[in-house]
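Presented below is the structure to which this report refers.
No value in this document is a laboratory result; all are computed from the given coordinates. Quantities reported herein were computed from a predicted structural model and do not represent experimental measurements. Cβ atoms come from the backbone with ideal geometry, glycine included; neighbour counts cover every protein chain shown.
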Amino acid sequence: MKSLTDHADILARPPLIYAGALALVLLLRWQWPTPLSDRLMVQAIGALLVALGLALGIPGRWALSVARTNVNPMRPTTAVVQTSSYGLSRHPLYVGLAAVFLGISLLCSTPWGFVVFVPLALVMHFGVILPEERYLERKFGDVYRQYCARVRRYL
């Protein structure tokens, strides 16, 4: 593939999508505060989700670096990484971002994160993940298809 077209045709970079969604959650929380009950339990679950998201995402990010492939899906992928958290999920960085997003929402004691998460998940699935998977299948063929047969898309 030519370097100008050798990348997934995604909507936007995932961290920017999540940052925009989090900004919307905070704006909604500020405009219409609706605190969740049992604040201590909610914060404990939120902290656990953040920790789980980081525990999934950080090793996945490290595995991409070790394989010397691009983390940015708008740049060429040079390898199908199957080690570390990529053995649990084909998209551990995105699953990790989702867990951190929901965890932060709980730490902020707002239900708005769950409201915003539904369209966010749809944008990620249709605007990032499916185009990325089509690109990887075109580029790596059977290697990627075999990986998909062994490892779930999310968890």
> What's the angle, to the nearest 10 degrees (0 to 90), between helix 130-140's Cα axis and the longest principal axis of the chain?
Replying inline: 20 degrees
> Which value results when the Cα radius of gyration for the stretch 38-150 is divided by 2.2 N^0.38 Å?
Replying inline: 1.18
>> Going by Cα centres, the stretch 109-149 and the stretch 59-75 are how many Å apart?
In response: 16 Å
> Which angle from 0 to 90°, rounded to the nearest 10, does the C-alpha axis of helix 92-107 make with the longest principal axis of the chain?
Replying inline: 10 degrees
>> Tell me which of L16, F101, T77 sits at the most positive position along the dipole axis of the chain, charges placed on C-beta atoms (Lys, Arg +1; Asp, Glu -1).
In response: T77
>> Once the convex hull of the alpha carbons of the stretch 95-155 is built, what does its volume come to per residue, in cubic angstrom?
In response: 74 Å³
>> As an exercise, identify the trypsin sites (Lys or Arg not before Pro) in the stretch 57-103 lying in DSSP coil whose Cβ has no more than 13 other Cβ atoms within 10 Å.
In response: R68
> Using 7 Å Cα-to-Cβ label points, what is the T83/F126 separation (nm, one decimal)?
Replying inline: 3.7 nm
> Based on Cβ point charges of +1 for Lys and Arg and -1 for Asp and Glu, what charge dipole magnitude is obtained for the stretch 38-150 about its Cα centre, in debye rounded to the nearest 20?
Replying inline: 320 debye
> Per the Debye formula with a single identical scatterer at each Cα and no solvent contribution, what log10 I(q)/I(0) holds for the stretch 77-122 at q = 0.31 Å⁻¹?
Replying inline: -1.07
